[in-house]
Amino acid sequence: MSDPGNAPVAAPVGTDEKITFSKVAKRFGPKVVLQDLDLNVKVGERVTLIGPSGSGKTTILRLLMGLEQVTSGTIRVDGEYFSHMERRGKLVPASEKHLRLARRRIGMVFQQYNLFPNMTVLRNITEAPVRVLGKSRADAEARARELLAMVGLEDCEGHRPHQLSGGMQQRVAIARALAMQPEVLLLDEVTAALDPELIGGVLNVLREIAATTDITMLIVTHEMRFAQDISDRVLMFDGGQVVEEAAPGKLFSDPDHERTRQFLSAVLEKT
Amino acid sequence: MTGWDWGVASAAFPLMLKGLAVTAEATVLGSCLAFVLGLILTLLRLSRVPVLAQVTWAFVEFVRDTPLLVQLYFVFFSFPVTLGIKMSPLMTGVVTLGVHYAAYTSDTYRAGIQAIPRGQWEAARALSLPRHRVWLSVVLPQAIRRSVPSLGNYLISMFKDTPILLTVGVLEMVGQAEQAGAANYSYVEPFTIAGFLFLVLSYPSSILVRRLERYVGPR
């Protein structure tokens, strides 16, 4: 469980800092997944996390979505505590209620899409705007149709998720996340479960979003070309720590660390 | 006792149809109660209120581990005395069947809820849906859909358990058969008809349930 005693009351963060991890550690039982992680993401920045499986990349996204709790350290979003909350001058682990409010700024797209099978495509997208943001159904549906057009699925609003291909489901999931107007979008290996010929369509939708919005993005992917196109910064992870970080042009062509070089050649070999 | 008498059979048949209406009434009301109460029991068992969850669990175990007939007698004879609740024999039967089967349907719902992939919960949380919304919009619709075939099987079981109500004086189908038998000094015809009617209604129902299983199975 999160120990507020270990949470340093960190210095105020700069105004252009969107996400701030301070000395974040995450353990599952004896297994150390993240250790002493400091990570800053600026407003509007696109940061890609690469590295071998089990290196803690996905855990970072899950912590930021409030699906896991930090073991120690703090996470702030817009300078406000996300993993914790202040109560009588002390930092205590965030309650579910605090998280629910804090999460509204953050959207996530999952590897397995996780669409709701009992709802139509349109309802998948409108459910949260109506129930959480209090939008009228008509407004939410109008917005959902815009988003569906953007991801190229304007004809599918009445379909059920299981009637769509994996690539189409993932594009619906992207539209669903965007319908909540997130300031931060977390993409967790969004093409890893897709057949190769469906990957391109999903990545193009994401490139489009990156080009036309100023949403801050945190991306975990094994698609290196996509990472290179979309990122401002790439972080190479191994064993729960950042091995190397650099602009994509530098990291992919001329990495400083041997571990990064090994990983990249192994990944590029595959494709 | 020398074989089949069509005269007795045709005399018994209209009475038994009348009894069948009572059987149907008990089954429909009892299963409505079982389906609703079972869901409530499940939610109480999964609730994070510690004592409530354990008491509900104990109640479900108690109901599952005691015979239906004992429960029926208990409600029929002791409720009027201890709780001051007096019900007609039919209502006594409906309540007993409903509560008895609720203990079983509650397990069905629970399995249905536990079968929902973790990703569904996580997606709902990632969208900031409030807790009650997660249950109402995401979890229960999927869990109940998965539960339908199993609930159908319990409905059929309950239908076949209704003759037990004759022990507290409900004139359902088998009760009518007994009376018809006594009136004509011949039990073979009415009980054969009763068995036949149970079969004719149960068998197509179980085929229907199997169809539902296939329909509900893959999402």
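Would you confirm whether or not region B:114-122 contains a residue that is part of a helix (DSSP H, G or I) and more than 10 Å from chain A (Cβ to nearest Cβ)? Steps first, please.
Just the residues of region B:114-122 that are part of a helix (DSSP H, G or I), to begin with: B:114, B:118-122.
Retained after the next criterion (residues that are more than 10 Å from chain A (Cβ to nearest Cβ)): B:114.
Yes, because at least one residue in region B:114-122 is part of a helix (DSSP H, G or I) and more than 10 Å from chain A (Cβ to nearest Cβ).
Please work out which one of (1) of a type outside the set (Gly, Ala, Ser); (2) under 22 Å from the mean Cα position of the chain (by Cα); (3) more than 13 Å from every other protein chain (Cβ to nearest Cβ); (4) assigned to a helix (DSSP H, G or I) is the condition A:ASN124 fails and give its number.
A:ASN124 satisfies every listed condition except (3).
Can you confirm whether B:LEU199 is crowded, with 20+ Cβ neighbours inside 10 Å and either away from chain A (no Cβ under 13 Å) or in contact with a Lys or Arg (Cβ under 7 Å, 6 or more places away or on another chain) (or both)?
no
All but one of (1) within 14 Å of chain A (Cβ to nearest Cβ); (2) surrounded by fewer than 19 Cβ atoms within 10 Å (Cβ to Cβ); (3) at pLDDT below 95 hold for B:LEU212; state the number of the condition that does not hold.
(1) is the only condition that B:LEU212 fails.
For region A:62-85, how many residues meet the condition of being touching a Phe, Trp or Tyr at 6+ places or on another chain (Cβ under 7 Å) and of a type in the set (Lys, Arg)?
Qualifying residue count, region A:62-85: 1.
Looking at region A:158-271, what strands (runs of 3 or more DSSP E) fall wholly within it and have at least 2 residues that are at pLDDT below 95? Lay out the reasoning, then the answer.
Working: elements: A:184-188, A:216-220, A:233-238, A:241-246.
Passing ranges, in order: A:233-238, A:241-246.
So that you can scan it fast, the table gives a plain yes or no per residue for (1) of a type in the set (A, V, I, L, M, F, W, C); (2) over 17 Å from A:THR216 (Cα atoms); (3) in contact with a Gly (Cβ under 9 Å, 6 or more places away or on another chain):
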{"site": "A:ASP38", "(1), (2), (3)": "no, yes, yes"}
{"site": "A:LEU63", "(1), (2), (3)": "yes, no, no"}
{"site": "A:LEU67", "(1), (2), (3)": "yes, yes, no"}
{"site": "A:SER72", "(1), (2), (3)": "no, yes, yes"}
{"site": "A:VAL77", "(1), (2), (3)": "yes, no, no"}
{"site": "A:ARG87", "(1), (2), (3)": "no, yes, no"}
{"site": "A:SER95", "(1), (2), (3)": "no, yes, no"}
{"site": "A:ILE106", "(1), (2), (3)": "yes, no, yes"}
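What residue, of B:ALA102, B:ALA111, is surrounded by fewer than 19 Cβ atoms within 10 Å (Cβ to Cβ), under 26 Å from the mean Cα position of the chain (by Cα) and away from every other protein chain (no Cβ under 14 Å)?
B:ALA111
Hey, does region B:79-88 have a residue that's in contact with a helix residue (DSSP H, G or I) (Cβ under 6 Å, 6 or more places away or on another chain) and either at pLDDT below 95 or over 20 Å from B:ARG64 (Cβ atoms) (or both)?
Just the residues of region B:79-88 that are in contact with a helix residue (DSSP H, G or I) (Cβ under 6 Å, 6 or more places away or on another chain), to begin with: B:85-86.
Filter once more, so that each one left must be either at pLDDT below 95 or over 20 Å from B:ARG64 (Cβ atoms) (or both): B:85-86.
Within region B:79-88, one or more residues are in contact with a helix residue (DSSP H, G or I) (Cβ under 6 Å, 6 or more places away or on another chain) and either at pLDDT below 95 or over 20 Å from B:ARG64 (Cβ atoms) (or both).
For residues that are surrounded by fewer than 19 Cβ atoms within 10 Å (Cβ to Cβ) and facing chain A (nearest Cβ under 10 Å), scanning just region B:138-167, find the one that is nearest to B:LEU97 (Cα to Cα).
Ranking the qualifying residues of region B:138-167, first place goes to B:ILE144.
The values are calculated or read from the model by the stated rules, or taken from the named source; none is laboratory data. Predicted, not measured: the structure shown is a model, and the values here were computed from it. Ideal geometry is used to build each Cβ from the backbone, glycine not excepted, and the neighbour counts take in all protein chains shown.
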